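The values are calculated or read from the model by the stated rules, or taken from the named source; none is laboratory data. Computed from a prediction, not measured in an experiment: that's the story for all the values here. We place every Cβ from the backbone using ideal geometry, glycine too, and count neighbours over all the protein chains shown.
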Amino acid sequence: MGLMKVGLIYDPIYLDHDTGGHPENRRRLEETVALLQKSGLMARLALIPPQPASVDDLLLVHTKEHIENVRIASERGGGWLDGDTYASPASYQVALFAAGGVIKAVNAVLTRQVDAAFALVRPPGHHATPRRAMGFCLFNNMAIATRHAVARQGLERVLIADFDVHHGNGTQDVFYADPKVLYLSLHQYPWYPGTGTVDEAGAGEGRGATVNVPLPGGCGDDEYRRVFEEVVVPLARRFQPQLILASAGYDTHWSDAISFMELSVEGYATLAGILKALAEELCGGKLVFTLEGGYDLQALSHSIQATLEVLLGLPRTPDPLGPPPHPHKAPALDGLLEAVKEVHGLK
């Protein structure tokens, strides 16, 4: 894998979504940007400034009522939109730049401005449904950019791989009956938001284009690699996507208090390598990562650094955190993977 031109979508406006002491706070991006600068990686990336999404962009996915609810909540000074999800006075505007940033990343890759891109945005998006904000998410950045790629750029097959620890219920809802979008989610189950069972596999023309791998707690690098090799890779090859997108949640790291998974920084590098190889094999390398979760600041920043090093084709920086200090006994996945393969015709 040679050196690639990789774009980074980032703007300090993402720090203005002020959530106080909430786990999803501005320090996530501050720490990441500081590490990218200190390591010299920032200088190797093509910095792409985001543009705000328009209301028409949001309407590709969301109802007018939902958009207005977020706008009005922000204009009135912010507050809790549900038990997990907070809006500050600037949050509506920041959320426009988050969705618009992912659109910009997709456009940059499709026009070959860059080979691959990483959208370092917040607030995250994959829990936001067409009608509501939830799970720290205001608008579904990934779904909006995907719809943009299909509706406006004419793509017929887009693959979304979601490896956040939580199931991307919002993304699933948007594309559940859409055969043009293959949505694959690996997530801890049962866990928030409680969706994402194996038999949630799409509806109508989209039957089979939603793929859920509900993993038990305690899965680490080996388990995730196995799922990618036995499920993600063969399904991607069968689908032949024209663009691969990753909802990159780094909350499956062993040090992240929000989950019971055991990935290491090296594990994320492995997943990024598999997706990069798939993109090179299937769609001319067209690959976009979008930040979702990840709340341990050191693990998050180093995992993003590792992902970018893989995309750039650079030697890997040693993992400062290493493997989990007290690893679980490896959970048995044979039965789960058999069930997934049965539902999706991989047997």
What residue, among those in the range 112-127 that are in contact with a Pro (Cβ under 9 Å, 6 or more places away or on another chain) and of a type in the set (A, V, I, L, M, F, W, C), is farthest from Tyr192 (Cα to Cα)?
Ala119
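Would it be correct to say that Pro318 is over 26 Å from Pro123 (Cα atoms) and in contact (Cβ under 8 Å) with a residue 60 or more places away in the chain? Full working, then the answer.
Values: over 26 Å from Pro123 (Cα atoms): yes; in contact (Cβ under 8 Å) with a residue 60 or more places away in the chain: no.
Criteria not met by Pro318.
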Hey, does the range 282-298 have a residue that's outside any helix (DSSP H, G or I) and surrounded by fewer than 18 Cβ atoms within 10 Å (Cβ to Cβ)?
yes
Pick out the one residue from Ser247, Ser255 that is part of a strand (DSSP E or B) and polar (S, T, N, Q).
Ser247
Pro52 at pLDDT 95 or above, in contact with a helix residue (DSSP H, G or I) (Cβ under 9 Å, 6 or more places away or on another chain) and under 25 Å from Leu36 (Cα atoms)
yes
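Conditions tested, residue by residue: (1) over 21 Å from Ala87 (Cβ atoms); (2) not charged (D, E, K, R).
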| site | (1), (2) |
| --- | --- |
| Glu30 | no, no |
| Leu41 | yes, yes |
| Leu47 | yes, yes |
| Leu58 | no, yes |
| Val61 | no, yes |
| His66 | no, yes |
| Arg71 | no, no |
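Taking the options Gly285, Gly267, Gly293, name whichever one is touching a residue at least 12 places away in the same chain (Cβ under 8 Å), within 16 Å of the chain's Cα centre (by Cα) and more than 22 Å from Glu30 (Cα to Cα).
Details: Gly285 fails: within 16 Å of the chain's Cα centre (by Cα); Gly293 fails: more than 22 Å from Glu30 (Cα to Cα).
Exactly one of Gly285, Gly267, Gly293 is touching a residue at least 12 places away in the same chain (Cβ under 8 Å), within 16 Å of the chain's Cα centre (by Cα) and more than 22 Å from Glu30 (Cα to Cα), namely Gly267.
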Of all residues in the range 246-265 being closer than 28 Å to Ile144 by Cα and β-branched (Val, Ile, Thr), which is surrounded by the fewest Cβ atoms within 10 Å (Cβ to Cβ)?
Ile258
Restricting the range 70-111 to residues that are in contact with a Lys or Arg (Cβ under 8 Å, 6 or more places away or on another chain) and in a helix (DSSP H, G or I), the residue that is surrounded by the fewest Cβ atoms within 10 Å (Cβ to Cβ)
Leu110
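Leu184: touching a Leu at 6+ places or on another chain (Cβ under 6 Å) and within 25 Å of Glu223 (Cα to Cα), yes or no? First the steps, then the outcome.
Values: touching a Leu at 6+ places or on another chain (Cβ under 6 Å): no; within 25 Å of Glu223 (Cα to Cα): yes.
Criteria not met by Leu184.
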